[in-house]
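The values are calculated or read from the model by the stated rules, or taken from the named source; none is laboratory data. Nothing here was measured: the structure is a model prediction, and the numbers come from that model. Here the Cβ positions follow ideal geometry from the backbone for every residue, glycine too, while neighbour counts run over all protein chains shown. Accessible surface areas use protein heavy atoms only, side chains included; no ligands, DNA or RNA. Shrake-Rupley method; radii C 1.70, N 1.55, O 1.52, S 1.80 Å.
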Amino acid sequence: GDLHLTWSDGEARSFHPLWLRDNCPATRHGSSRQKLVSAATLPPGLRPAEAAVSADSDELSVLWDPDGHRSVYSASWLRSLAAPDAEAAGCDAAEAEAYGSAPTLARLAFGELTDGGDEAPLWRLASLLQERGVVLVHGAP
């Protein structure tokens, strides 16, 4: 499940393991910050084997199972990135979907995007990509 952090002032955040591992600072290029590892290549069954917060260095250290990789994150960076609720994330509660739920995958037919010369389906695709980050285009050759 998610990794839950609570700060001394009571503010709490939850992080999905795949998101955390995909954003591991150790898997980015030192100067360009480009990701060097794709989330698609991470091992299946990825989960934190152990997690510890260092009080003196403001760091969260996570040991990952099954591959034994260790990630170290700035706790203040994690706090700044994750919105505690939908309102802070800039969306209303009807739009918000928590990790761990079963979100509905947006789907569009390839023929819808290519037939008729109408740009409306392309705008719908762009809008769905912006809103959800992924769209399944089915029926492509």
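Being open to solvent by 70 Å² or more (accessible area, probe 1.4 Å), modelled with pLDDT under 85, small (G, A, S) and within 19 Å of the chain's Cα centre (by Cα) is true of A93. At pLDDT 90 or above and out of contact with any strand residue (DSSP E or B) (no Cβ under 6 Å at 6 or more places or on another chain): is that true of L20 in this structure? Yes, satisfied. The residue of the stretch 35-52 that is least open to solvent (accessible area, probe 1.4 Å), among those that are assigned to a strand (DSSP E or B) and modelled with pLDDT of 90 or more, is P48. Residues in the stretch 1-34 that are over 14 Å from the mean Cα position of the chain (by Cα) and open to solvent by less than 90 Å² (accessible area, probe 1.4 Å): L5, W7, G10, E11, A12, P25, A26, T27, R28, H29, G30, S32.
Going by the conditions given, is D85 charged (D, E, K, R) and at pLDDT 85 or above? Judged against the criteria, D85 is not a match. Could you give me the residue pairs with C-beta distances under 6 Å whose first residue belongs to the stretch 126-141 and is without any contact (Cβ under 8 Å) to a residue 40 or more places away in the chain and within 14 Å of T104 (Cβ to Cβ), whose second residue is open to solvent by less than 80 Å² (accessible area, probe 1.4 Å) and in a loop (DSSP other than H, G, I, E, B) wherever it lies, and which are 6+ apart or on separate chains? Every condition considered, the pairs that remain are L128/A106; L128/V135; R132/A106; V135/A106.
Scan the stretch 118-141 for residues that are more than 30 Å from W19 (Cα to Cα) and open to solvent by 70 Å² or more (accessible area, probe 1.4 Å) and jot them down. Passing the criteria: D118, E119, P141.
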